[in-house]
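Q: Sharing a structure with you now.
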Amino acid sequence: MKTFDDLEVRRPELARSYLELLKAQPGRPIALFAPRRVGKTFFLDQDLTPAARASGFTPVYADIWLHRTSPLSAINHALEEALDDATVPTSAVGKAAKTPVKKVGALGAALELGDEPKRRALPAEPALRLDTIVARLAAARSQPVLLMLDEAQAVAESSEGASIMASLRAVLQKRKRDVLAVFTGSSQDALAAMMAASGGPMYQFAQLLNFPVLGDDYLNLLAQHFSRVHKGKRLDLAALQAAFVHLGFKPALMKDLVKELSAEGSTDVEATLRRMASDTNNVRGWMALLAPLSPFDRHLLVLIAQKKPPIGKNTLKELARTEGKVPTVAKVRAALERLKRVGILSGAGGDYLIEDPLLVDYLFANGPDRLL
C-alpha cells in the first residue's frame, strides 16, 4: 500500500512547454523564479530531465550551492561527470571494446591490449574548460545538452560573479546548437538582479518566468489518500487550500501537515497547523537557529513576522527597545543582509519574507518579550 511519502504530482506538460520554448529561441536560456521548497528541484529531476531525454537532449543538472564560492567549478563538475558517462565505458566488455590493441600474435591468437581509454586533457582555465566540455559532450552524445543550473543566483553572489556570468553567456551563445539552459533560483531579487541588471553580462539575455506552484491536484491527492487510510473521514478542500497558502505552497510542509492529521486521526486542519508551530522538535530547531543572533536581529525578525515594514518609522521606534535609542536605517539594512546570508530571510527593498512559514507563526505567537 502506498504511503503519503509515495504521493507525487508529475508535470510532464509543463516540462515539454519549457523545452519547446527553449528550442524556439536557441542561445537564450529561461530563468524560473520560485521561493525555496516549492518543488523546483523535484521538477527538474522528475519532469524536465525525462522530458529532455525523450526529446533528444542530454540533461545535465548542476546545483550551484554545491560549491558556492566557485560556481563555475560546480557547473564544470556536473558536465565532466556527464562526459565521463558518455566516453568512458563502465563494463569490462565496453572497456575492452574501446581499448586500442598494441600487439597481435600469430594468426591473431595472442592479443596485448593497450591502456584503457581516457579523456583527453581539458583546459585548466575554468571558462575555457566550460566551453570545451559542452562541445565534447554534445559531440559524444550526438545530441544537444540541456544544462539545468539550480540556485543560479549564487553565481551573482560569488566574488567572481560578473566574470562567470559573462563566460556563461558567451558559451550559451557560441554553442547555441550544442546547449540550451534553464536557470532556477529561490532568491527572486538576486536572480532578477542577475538577469536584469542594465549593462551586466546577463542583461535581457534570459527569459524570466514564474515557476507555477502546485495546486488542487496535489491537495486532492493528499486528501484522497487520507480518506483511504481513514474510512469515512474526509478533509475539507477549502481548509487544505488555506493551509497550503499559509505554508507558502511548500509541498513537503503540506505533506507533513496531512501526515500529522493522519497520525491523530483528525480532520481539523487549522488546529493541527497551530500545533505544528508549537511542536517541541520544531521549537528546538528554531531556538538553535535564533540563539547566535543578536537581540536586535531577533527583534527585527519578530517585527517582520508581525508584517511590519522593517524600515518603517514605527518599526525603528520599536527597535529602540533593544538599542536604547532609535537605530539608523543603515543599521537595519545591515541586519537584514545578515539575516539573508544565514538563510532565514529573503527579499529586497521593503518586501522581506521569512523563509519558514511555521517559524513566522512561532515568532508571532511569542513576540519580542520572550525571544529577546
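Q: Please give the calculated 222 nm ellipticity per residue for the chain, where each DSSP H segment of at least 4 residues contributes -39500 (n - 2.57) and the sum is spread over every residue; nearest 500 deg cm²/dmol?
A: After summing the helix terms and dividing by the residues of the chain, the value is -16000 deg cm²/dmol.
Q: Using the Cα atoms of region 222-277, I'd like the radius of gyration and the largest Cα-Cα distance, Dmax, both in angstrom.
A: 10.2, 30
Q: Kindly express, to the nearest 10 degrees and within the range 0 to 90, the angle between helix 357-371's C-alpha long axis and the longest C-alpha principal axis of the chain.
A: Around 40 degrees separate the two axes.
Q: Calculate the all-directions average of the projected area of region 293-371's alpha-carbon convex hull, and give it in nm². Could the numbers behind the result be given before it?
A: Numbers: hull surface 18.2 nm².
The orientation-averaged projected area of the Cα hull of region 293-371 comes to 4.5 nm².
Q: Angle between the Cα long axis of helix 329-341 and the longest principal axis of the chain, 0 to 90 degrees, nearest 10?
A: 50 degrees
Q: Using a 7 Å offset from the Cα along the Cα-to-Cβ direction at both Met287 and Arg341, what is the distance between the two label points in nm, to one decimal?
A: Label-label distance for Met287 and Arg341, simple model: 2.7 nm.
Q: Distance check, please: which entries in Lys2/Lys307; Lys250/Lys308; Lys307/Lys331; Lys2/Lys340; Lys231/Lys255 exceed 31 angstrom between their Cα atoms? Write out the running numbers ahead of the final one.
A: Details: Lys2/Lys307 40 Å; Lys250/Lys308 23 Å; Lys307/Lys331 19 Å; Lys2/Lys340 38 Å; Lys231/Lys255 19 Å.
Result: Lys2/Lys307; Lys2/Lys340 exceed 31 Å.
Q: Say each of Thr69 and Glu270 gets a label point 7 Å from the Cα, pointing the same way as Cα to Cβ; how far apart are those two points in nm?
A: 5.0 nm
Q: Roughly how many nanometres apart are two label points built 7 Å out from the Cα toward the Cβ at Lys331 and Ala162?
A: Modelled inter-label distance: 3.3 nm.
Q: A further question on this structure: Using modelled amide H (1.01 Å from N, peptide plane; none on Pro or chain starts), what sits under 5 Å from the amide H of Val179, excluding residues fewer than 5 places away?
A: Hits under the 5 Å cutoff: Val145.
Q: FRET efficiency for Asp279 and Arg228, Cβ-Cβ distance as r, R0 = 22 Å, nearest 0.05? Don't jump to the answer; show the numbers that get you there.
A: Details: r = 26 Å, r/R0 = 1.17.
Result of the calculation: an efficiency of 0.30.
Q: Given an 8 Å cut-off on Cα distances and at least 6 residues of separation, report the relative contact order of the chain as a percent. Show your work: numbers first, answer last.
A: Values: 506 pairs, mean separation 65.3, N = 372.
Relative contact order for the chain comes out at 18 percent.
Q: If we count every other residue with Cβ under 12 angstrom of Pro310's Cβ, Lys/Arg +1 and Asp/Glu -1, where does the sum land? Could you put the intermediate results ahead of the total?
A: Numbers: positive: Lys307, Lys308, Lys313, Lys331, Arg333, Lys340; negative: Asp297, Glu318, Glu337, Asp351.
Net charge in that neighbourhood comes out at +2.
Readers should treat all values here as calculations from the given coordinates under stated rules, not as data from a laboratory. Because the structure is predicted, anything quoted here is derived from the model rather than measured. Cβ sites come from the backbone with ideal geometry, for glycine too, and all protein chains shown count toward neighbours.
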